[in-house]
Structures are given as C-alpha cells and as structure tokens.
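The values are calculated or read from the model by the stated rules, or taken from the named source; none is laboratory data. These numbers come from a predicted model, not from an experiment. With ideal geometry, Cβ positions are generated from the backbone for all residues, glycine too; neighbour counts draw on all protein chains shown.
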Amino acid sequence: MSEIFTTAVLVAVVASAIRLAVPLLLAALGETFGQRSGVLNLGVDGIMLLGAFAGYYAVLKTGDVWLGLLSGAVVGFVLGLASAVIAVTLKAEQGISGIGVYLFGLGMSDLLFQKLVGTPIPIETFPPVRIPFLVDIPLIGDMFFRHSLVVYLAFAAIPLATFIINKTTFGMNIRAAGEYPEAADTLGVSISRVRYATEIIGGTLAGIAGAVLAISLGIFQQNLTNGAGFIAIALVYFGAWRPTGIMLGALLFGFVNALVLELKTLEIIPRDLSNLFAMAPALITILALVFVARRFQPPAALTKPFTRGK
Amino acid sequence: MTNGLSPRQRRGLAYSIPVLAVVAALIFGAVMLVLLGANPIEAYVEMFKGAFGSADALIATILKATPLLFVGVGIVIAFRAGVINIGAEGQMVLGGLFATMAALYLPEMPSIIMIPVVLIAGIAGGALWGWIPGALKAYYRVNEILSTIMLNIVAVQLMSYLLRGPLIDPAEIERGTRIPQTERLAPSADLPLIFGSDRLHIGPVLAILSAIAAYYLLWRTPLGYRLRAVGLSEDAAKYAGIPVRRTIALALTLSGALAGLAGAVLVFGSESHRMVTDGSTLGFTGGAGFNGIVAALLGGLHPLWTIPASFLFGGLIVGGQALQRAVQVPSALIIALNGLVVIFVVAADRYRAKLLAVDEWDEQTVEGDDAPGEGDLAALGSVQDHGPDGSGGVDPEEPA
C-alpha cells in the first residue's frame, strides 16, 4: 500500500488529472453557453465522438496536430448548427433529440473509422510545452508546467467564458434568453439568434474536446469517449452553470479517473473489481447533483423552446 | 398552413407525420448507402423482406418489438406524469440481472411458479432503478435526465462486474475463455413458446397486455388520473390535493418496472437462455431503452398506439440487420440511422402536436394563438387524450 503515497505517484496523478480534465472542461464550457441560453444539448457525446474521429483522421493523414484540432472544431461547428436547427427551429424535445444526435455520432464515427482507417494506427500527440523557470520548481513544475499547449489554453478559456457570460452584451443576452426569454424578446433580443450562437459555440467546443481526447491519446476506437460527453453535461449542473465551478468539477473528475487508473496500474485495485471502481464518476455525479440541486436553480427557461407571444 | 384543412384532414396529416419522419430518415440513409457503394433500392428491398417478408422475419420483428413495447409503455406513463425517462437502458439491465440472479439462486421450482418469480424479480430490479431517479427528482429536485443517464453508466459497470465475476458460467473459467455470461439458466424459467413456433414465446403477449393495462391505469383509475394531472400542471395537481412528489416518484418507478420486465423477458426469451454482455448496455438491450422512447413517440404517447409503433420500429431494426448482411455494410450504419430516426421523429413531434392542438382549440373557441402542445409535453398530453380510437376524454368532434 505504501507506494500510493510516494511523491512520484502523487505528481503523476495530479499531472494526469489535469490532462484528463481538459476534454471534460472544454465540452462542459461549451454546454454552459447553451444551457445558460435555455438549450440543453444532450448530444455532446455524439459530437465529441465525431470531433474525435475528425481530429484523429486529420492527424493520421497530415501529421499536423493543430490541423487535427481544427478538423474537430469544424465538425463540431456543423453539428452544433444542426443541433440548433433541431432544438431552436424545429423545437424538438431536447431531452430526447440529443439522444438521437448521440446515437448518430456513436454509429457514424465508428462507421467512418471502419471504412476509412480499419485497424487502429497510433498518431502524433500534442508536444509538451515546458513553461520556462516554472517547470524547474520541484514537484510543482512536473505537475502543472509541462503540459501541452491545449491544456493551458483550455484553462485560459475559463476566465474568458466567465467574462463573456457576465460582462458582455452577448453574455447578457444569453442569460436573458435562458432566464426570461419573453422579456428579452420584448427588448428586441432575437432569442433564436442567441440560441443558435450558443449551440454553435457548444458544438464547436465539443468537437474540439473530442479532437483533444483523440490526439492526446494518439488513438481512435469505437466509443472512444465512453460517456465523457454525458459527464460533461452533468458537470454543468455540478458547477452550477458557472465556468469556475465547472473547472473544479472537471478537475475532481480528472483526479478520480487518474487515481483509479494509477491504482489499477499499481494493481492495488484487483482486475476483478475494476468495473466497480469505474462506477465512481457516475456515482459522484449523482451525489453532486443532489447537493447542487439544493442550492442552485437551473436557468428558468432551460429545455423550453421559445415561441413569440406565448 | 393548416387553416385550409378540415379537422379530420388535419388529424390524418398529424398521424402520418411520424411515418414521414421515418421515411425522411430512410432517405438520408439511402444517401449514406450510396456513399458506401451500396445500391439503396436493393438495400431497402432486402430490409423490407428481412423485416416482414416471411414467417421467420415476422417472428424476428415481433420479438424485437417486444422490449420496445414494454419500454415504450413505461415511457408513456412517465411522460404523462411529466417525467422523461432516459434510464430504460439501465433499468432493463437491472431487470435482467435481478431475474438472472433469481433463477441462479432460487431452488428448482415448477415453471408455473418459476416463471412468475423471475419476471417479478425483473420488475423489481427495473422498479428499483426507476425509483432512485424518481425519488431524487421528487424529493431533491435532481434532474431526471441526468440522473438516469448516470444510472445507465452504473448499471453497465454492475453488469460487467457481475457477469465477469460472481455470476460467470463456471465452464467459462474452466475453459479459460472467460466470456462474460452466465451458465444456461434453469429450464423451468424458459418462457413458454406459443403457436408451435420454436422461438416465439409469450413475451410479446405480455407486452401487449402491459400496454392495455397501462391504458386502463392511465384513463380508468384514480392513480392514472393523478399521474396525468401531475403531468398537466404540478401546481394545479397540488391544489387539488394530489401528492405530487409521491406521484412523480411512482411514475418513474412504474416506468422502470416495465423496462425491468423487458430485461427479464430478454434473458428468458433468448435462444441461449443466459445473460450475456459485451461490456455496453447496447450489447444487452439492443438499444431498446432508447428506441422504446421513439416507439412511444411514434405511437403518439398513447399506450395502445405504441403497440403498432413498436411493431413497425422492430421491423426497422430487424430489417436493418438484414440489410447489413445483404449489402455488406458495417452495423455502425444501423446505429447512425437509428439516431437519425430518433432526431426526425422527435423534431416532427412538435408539428403533429401543433396540428392536433389547432384542431382542439378551434372546437373550444378559445382566444389566443398560444396553442397547447407547443410548449411542453404536458400540454401535448392533454391533446393526446383525444386518441384516434375515440377513447378517453371528450371527443373534440362532438360539441360539448
């Protein structure tokens, strides 16, 4: 048991927690925009899967990880737009239509992989960027300052998202569309335009999140995300619709995942029981939902399509 | 767009909209087939033949439709109470596990006792997995969409753990193959076969009975009245003295119970008479937990109309598998098409509700352009009371 407590293990777990948190963080940040404007996009996992395949395939063909990231973003943009058409224009029941998007992404990403690639071939991964001076701090440097550029960018996106949502006109429109769309509409805010914008932001970030996942792992396989998109949606509730809360949630999840992985590698968790430990994230989410639901209210208009004059 | 139509025409159009949505998904599928280098016409002919073209095909379709119907009826009950149950996948798994454990651990009993016992165990497993999110929603305001999705994930891991460990077939350990499956379960629990078939068991009959029972429950009993009242307006229901929280918890419990029964029927109606997993829910349920939602929507959220809707949708799935074999496309295509059917049916649902709503609103000459059924499923529920079978509620054709 003693080897869990060595500093080397601790450093490895924290560093990998941060890495594992990034796809969840990006997808959850995107979902926050949608939910704050009143749209629940349950299709995040499907978008992530297609973004992951697009990213993987682009890197496989070109060897350029940034082109991979861009491909994921483009796929996410298109699927975000499609989700907006379904939820905003067609006013579909959001609790179900997203499951359709998920199944579509699950099947389509696997289909494309089988047709275009076939056998899994490893690809380039993101190069680590060592932050000068900081990386030399003992322990801290190894934990926080030798990640890839996307990790730093993802964490930089948190204050940016907070700023956009709380301090800009666009953010005010998002919040108005999510809390009191009738009033916002009366004041001349186009609810559907705002919700299209947030769904596209959400889709793009989900696509990027998927690409980051695939390129970080250097691999694609069927159902690569393993439900990460659904966890990301739960994280939005977990973080009470605030980017900082979402970051804490994503880090907690990253930590739990990293710890379970590490304990498995060290064979502290017997193989027979690994399935039981794999339940941890979902169980933690349910508990967290209980606590959050007592203190915070979701946006009032969440999942309610807007029709003028209602 | 609907003003030039008579109420009858509008209703006819309304009920053809879900079918049109399926057709739209199939057209999209044809495009994908072309891209995959297959002939879409040949593919769809194979699909139709595979689903409805022979007695064997029809039996396969009926068996595939059975879990869809159980789940779909449960979805209808939950929806009528204003709750969305995305957790039928996990509830089916729990139902299958409970029923399997009953068959493994209980002493041998004659079939007449054994079969009801394992089915009730399945119902209990599903009910438990429905009660948890139901109680969390009712008493802790936890969003049921999220909690049921999380419980699906938990159920999968539980299934993998049990079928790889405590419940694994001892022969798998001896052989060293370790396929995650149970031994062949007690033959006394095999579902009886009907019509002299070697595959068709009583499961479909039970599913149809459950649809009739749900119809009776929802429109002929005080409990059903309470469920629908909560779905229409929680505030009004509370005002009327209905225990809203308990009713919400009960709606998800009932919904889960039916999904659990579906899981038990899957195990004891399977040809191998074991519970097997491939490590995903879809591997056990065949996606029935999600597709049951679509069947319910295709059936206009009415228990009886969910019967033909499940049959059609079962045909679509069985046909899809035949198509996959005939024109050699990966099964992933079927999952993707399945997703498209979900999207198109859900997206079209609003329009159907709108057509019906205009109809009812005209009859009642209520002012205002805010049609019910457009904003939420609860209002859709009220519209659907006037089912095409003329059952339940007041027939809008008759002046009140």
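Screening B:43, B:38, B:14 for residues that are crowded, with 16+ Cβ neighbours inside 10 Å, at pLDDT below 85, outside any helix (DSSP H, G or I) and out of contact with any Phe, Trp or Tyr (no Cβ under 7 Å at 6 or more places or on another chain) leaves exactly one candidate, B:38.
Picking from residues in region A:281-290 that are surrounded by fewer than 18 Cβ atoms within 10 Å (Cβ to Cβ) and at the interface with chain B (Cβ under 9 Å from one of its Cβ atoms), the one that is farthest from residue A:245 (Cα to Cα) is A:283. Under the condition of being assigned to a loop (DSSP other than H, G, I, E, B) and either out of contact with any Phe, Trp or Tyr (no Cβ under 9 Å at 6 or more places or on another chain) or farther than 20 Å from residue B:116 by Cβ (or both), the residues counted in region B:180-196 number 9.
Among the residues of region A:292-308, which ones are in contact with a helix residue (DSSP H, G or I) (Cβ under 9 Å, 6 or more places away or on another chain) and surrounded by fewer than 16 Cβ atoms within 10 Å (Cβ to Cβ)? Within region A:292-308, A:294, A:296, A:300, A:308 qualify.
Taken over region B:170-193, residues that are away from chain A (no Cβ under 14 Å) and in contact with a helix residue (DSSP H, G or I) (Cβ under 9 Å, 6 or more places away or on another chain) amount to 13.
Every test in (1) surrounded by fewer than 22 Cβ atoms within 10 Å (Cβ to Cβ); (2) within 15 Å of residue B:249 (Cβ to Cβ); (3) touching a residue at least 60 places away in the same chain (Cβ under 8 Å); (4) not acidic (Asp, Glu) is passed by residue B:140 save one, and that test is (3).
Would you check if residue A:273 is surrounded by fewer than 17 Cβ atoms within 10 Å (Cβ to Cβ), in contact with a helix residue (DSSP H, G or I) (Cβ under 8 Å, 6 or more places away or on another chain) and either away from every other protein chain (no Cβ under 14 Å) or under 27 Å from residue B:167 (Cβ atoms) (or both)? The answer is yes for residue A:273. Going by the conditions given, is residue B:336 modelled with pLDDT of 85 or more and within 14 Å of chain A (Cβ to nearest Cβ)? Yes.
Among the residues that make up region A:128-137, is at least one of them within 25 Å of the chain's Cα centre (by Cα), aromatic (Phe, Trp, Tyr) and at pLDDT below 85? No, the conditions are met nowhere in region A:128-137. Run residue B:278 past the list (1) within 14 Å of another protein chain (Cβ to nearest Cβ); (2) more than 26 Å from residue A:42 (Cβ to Cβ); (3) of a type in the set (Asp, Glu) and report the number of the one that doesn't hold. Status for residue B:278: all satisfied but (2). Can you tell me which residue within region B:127-169, out of those that are part of a loop (DSSP other than H, G, I, E, B) and among the hydrophobic types (A, V, I, L, M, F, W, C), is farthest from the other protein chains (Cβ to nearest Cβ)? The extreme case among them is B:167. For residue A:112, which of the numbered conditions (1) farther than 25 Å from residue A:150 by Cα; (2) crowded, with 24+ Cβ neighbours inside 10 Å; (3) not basic (Lys, Arg) fails to hold? Among (1) farther than 25 Å from residue A:150 by Cα; (2) crowded, with 24+ Cβ neighbours inside 10 Å; (3) not basic (Lys, Arg), the lone unmet condition for residue A:112 is (2). All told, residue B:45 meets the bar of being β-branched (Val, Ile, Thr) and farther than 15 Å from residue B:348 by Cα.
Of all residues in region A:247-260, one or more are within 16 Å of the chain's Cα centre (by Cα), of a type in the set (S, T, N, Q) and more than 9 Å from chain B (Cβ to nearest Cβ). Within region B:35-64, being free of Cβ contacts under 8 Å to residues at least 60 places away in the same chain and within 14 Å of chain A (Cβ to nearest Cβ) holds for B:35, B:37.
Conditions tested, residue by residue: (1) in a loop (DSSP other than H, G, I, E, B); (2) within 22 Å of the chain's Cα centre (by Cα); (3) at pLDDT 85 or above; (4) more than 11 Å from chain A (Cβ to nearest Cβ).
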| site | (1), (2), (3), (4) |
| --- | --- |
| B:294 | no, yes, no, no |
| B:297 | no, yes, no, no |
| B:309 | no, yes, yes, yes |
| B:342 | no, yes, no, no |
| B:352 | no, yes, no, yes |
| B:361 | no, no, no, yes |
| B:374 | yes, no, no, no |
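Just one of the numbered conditions (1) facing chain A (nearest Cβ under 10 Å); (2) more than 20 Å from residue B:19 (Cα to Cα); (3) aromatic (Phe, Trp, Tyr) is not true of residue B:290: (2).
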